[in-house]
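K.L.:
Here you go, one structure.
Nothing in this text is a laboratory measurement; each read-out follows from the coordinates by a stated rule. Predicted, not measured: the structure shown is a model, and the values here were computed from it. Cβ coordinates were reconstructed from backbone atoms using ideal geometry, including for glycine residues, and neighbour counts include every protein chain displayed.
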Amino acid sequence: MKLDHLFTGSQSEPYFAIADEKEKLLLKVRASEVSQIPLSYFQVYTPEDRKSIAIEPMSSTGNAFFTANSGLCRLHAGERVFGEFVIELKGL
């Protein structure tokens, strides 16, 4: 499968996962417990040769200013927040 899509996770459990049944592996990218902003959107891309995959956790949609409920949050001058994500590779 070739991917170039934006996926949405839930606010309560934001993650993106891909299972490889043949190799019995699960790749999971998720927001960490200490992340101050929800990372519930995932931009996923695979190139034509499918030898790699890019998974980019995001705090909002790519078109956030023009999409309702897109995940934007307002920051005040001097305010800082951070997002952190975890990459897990597990056996099935």
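K.L.:
L39: net charge of surrounding residues, Cβ under 14 Å, Lys/Arg +1, Asp/Glu -1, itself excluded?
P.N.:
Details: positive: K28, R30; negative: E13, E33, E56, E84.
Net of charged neighbours comes to -2.
K.L.:
So what is the relative contact order of the chain, in percent, for Cα pairs below 8 Å that sit 6 or more residues apart?
P.N.:
Relative CO of the chain lands at 34 percent.
K.L.:
Here's a follow-up. If you wrap a convex hull around the C-alpha atoms of the chain and split its volume per residue, what is the figure in Å³?
P.N.:
Given the Cα convex hull of the chain, per-residue volume reads 121 Å³.
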